[in-house]
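See structure below.
Throughout, read-outs are computed from the coordinates displayed, never taken from laboratory work. Fair warning: this is a prediction, and the values are worked out from it, not measured in the lab. Positions of Cβ are backbone-derived with ideal geometry, glycine not excepted, and every protein chain shown enters the neighbour counts.
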Amino acid sequence: MSETVTKLESYAEEVGTKVTALRKNENIVEVPQDKLKTFVAHVVNDLHIRHLMTITGLDLGENLGITYHFSLERDTIHVRSFVPKTKPVAVSIVDIVPGAILYEMELHDMFGIEFAGNPWKDQKLLLPDDWPADLPPPLLKTSKADQIRKRLGLEVEKK
Amino acid sequence: MSTSPEQQRREESAGLMEYSTESLVPFGPIHPALKEPEYFKLVLEGERIVNVIPRIGYVHRGLEKAAESRPWVQNMYMFERTCGICSFVHSLCYGQAVEELTLFQVPKRAKYIRTIIAEMERIHSHLLWVGLMGHWAGFDTLFMWVWNDREVVLDLVEAISGNRVHKSMNAFCGVRRDMPENMKDRIVERMKFLTDRARYYREVIDTEETMLVRTENIGRVSQDTAEKLCAVGPMARYVGLRQDVRLNDPYAAYDEVPLDIVTTTEGDVHALLRLRLDELVASANIVSYAVENLPDGPIRVKVPPVIPAGEHSSHCEAPRGEIFYYVKSSGGRTPERVKSRQPTMANLPTALEMLKGQTLADIPIVLTAIDPCFGCMDRMSFYDTETNRRWTWSGEELRQYGVNHYFPDRSKKQRGFTKAIDSSINRRQRESI
């Protein structure tokens, strides 16, 4: 077991969770929202894993999963956190990892998750400015491609 | 489509006070016929850029959503269409993420062929970029020379895969086409030619006044900033970070070929030019080595259409930097979720940081320097908050503005010559549409 994993386990214990190995050099940690910033600060400042590859959103039925993918050389660490679909508000990590700003905006557009603390959270990044408010965010499982096309007037008549 | 007056006012002033000394320049979105559209709100103080707000998504096609309703194999060729320059590496990265779930092993020969194609793609992408840099700097001779040499590597790619851009070479756990016989000598010879050319261009950019004036001390960013903003690829290496997936987390055959990772610490656009030309030489060496040491054996393992449940992520080094794919399977014929992140998205915050403090004339050079997958300045409109004056410039006018700003003494004849060529190119492009 490498030194990184040992340290990671101690930080995980601190926030009351544990490290699961997915495969060699790849670990996943599930962290509750209120402890997320503490844990990410440990990863970035103490373990010096400063490279955030991206943030992935997942539709898990009742919850939305937010996965932060960190990498340092051969080690990959996935930090996963959940927010309820009924109240999709998550903490922003922009003050710890400034490079996360666009990824958070992307998740806001695609999953409707609001990142409290992101300076550009009110601005759209990928969706059109006139995206109808009554349409669900496009990457949710309840959102259908046909429905979006119809609503935006992009339907192509079939011959 | 309607926007409220309040919203419109906010749009136009970028949230600034209405009577400030700063002016706002909306930059883009761009004519889609030429390159890709993009929009930047530039806040200026006189000539200096003080803030940049990006607005991307004009060519967002919803690939991630589309992937959820398509079979695994079909997705591989769909994701290859993400980019028209670095297409192979997308299918490679997506393929690797899925292969990890299937538990089949990729044959060694296939790994070598993947390495050869990926490196040839890097050579062609870097050459394309060096040419564009020449064009935007006002040195069109370089553009024409470099793009002529780019044909050499494109011909090789075509001879191997049958296509110049969308190779469709990858399959799950292997490649679809074997290397043609008797190509070894030809590839090695062409790689030697490209190495010589790259060395020559290196000499040109170090001595030619046009390139030196336009690129030296432009677009500086500190190592700490680049690291904080999670820059990838050449954008991380030009400030001295040894950030390369080929080195840090080897995939395909990169753990067996001679890797020469180039970094510089100068940290300006000129350093980026040198770095990419040096990388080109390193890539040519990898291709020559891989072709000469190509192992025998099968090139593909057949994989069933149903992928076992699980999740996996994979990252690869594309010409522009690290690309990332995440796949989640619930054991069906279609993926449950595919996430893809391209290098330009990761490098955008760093590029905005590079733009700050530069002049209006440097925009084309700095934005091209990150080798953006959108990098076109076809049309931009200007808005001066003090005089309420609006005007629009085409990409060519912006380029001329940049060239005239730096070289006001250049003879009109010379400028006219460049313009005549450009307009003939534009005319041909218009006719072909």
Check: With point charges of +1 on the Cβ of Lys and Arg and -1 on the Cβ of Asp and Glu, referenced to the Cα centre of the stretch B:171-231, which listed residue (B:I218, B:M191, B:T207) lies farthest in the positive direction of the dipole?
Finding: B:M191
Notebook entry, point to check: For the stretch A:3-126, with the dipole built from +1 on Lys and Arg beta-carbon atoms and -1 on Asp and Glu ones, taken about the Cα centre, which of A:F111, A:V94, A:L47 lies farthest toward the positive end?
Noted result: A:F111
Check: Quick one: if you stick a label point 7 Å off each Cα along the C-beta vector at B:E292 and B:H166, how many nm between them?
Finding: 3.7
Item checked: B:A159-B:L259 FRET efficiency (beta carbon distance; Förster radius 25 Å; 0.05 resolution) -> 0.45
Note to self: Using the Cα centre of the stretch B:63-341 as origin and beta-carbon charges of +1 (Lys, Arg) and -1 (Asp, Glu), tell me which of B:V306, B:F88, B:M179 is placed farthest towards the positive end of the dipole.
What the structure shows: B:V306
Notebook entry, point to check: For chain A, what's the relative contact order in percent, using C-alpha pairs closer than 8 Å and at least 6 residues apart?
Noted result: 15
Notebook entry, point to check: What does the charge count near A:R23 come to, summing +1 for each Lys or Arg and -1 for each Asp or Glu among other residues with Cβ under 13 Å from its Cβ?
Noted result: -4
Check: What is the spin-label model distance, in nm, from B:V50 to A:T86 if the labels are put 7 Å beyond Cα along the C-beta direction?
Finding: 4.7
Check: What shape does chain A take by its C-alpha gyration tensor, where a ≥ b ≥ c are the square roots of the eigenvalues and a/c under 1.5 counts as rounded, a/b above b/c as prolate, and the rest as oblate?
Finding: prolate
Margin query: Within the stretch A:3-126, how many Lys pairs that are eight or more residues apart, or on different chains, come under 25 Å at the alpha-carbon?
Written below: 18
Item checked: Shape call, the stretch B:41-188: gyration tensor on alpha carbons, a/c limit 1.5 -> oblate
Check: Are any of the pairs A:K150/B:K41; B:K108/B:K328; B:K41/B:K356 more than 20 Å apart by Cα-Cα distance, and if so, which?
Finding: A:K150/B:K41; B:K108/B:K328
Check: What's the average, rounded to a whole number, of partner chain beta-carbon atoms within 10 Å of each residue's beta-carbon in B:61-70?
Finding: 3
Checklist line | Separation in nanometres of the label points that stand 7 Å from Cα toward Cβ, at B:V152 and B:K184 | finding: 2.1
Notebook entry, point to check: Name the residues of the stretch A:75-89 whose amide N is less than 17 Å from a point 7 angstrom out from the Cα of A:T38 along the C-beta direction?
Noted result: A:80-82
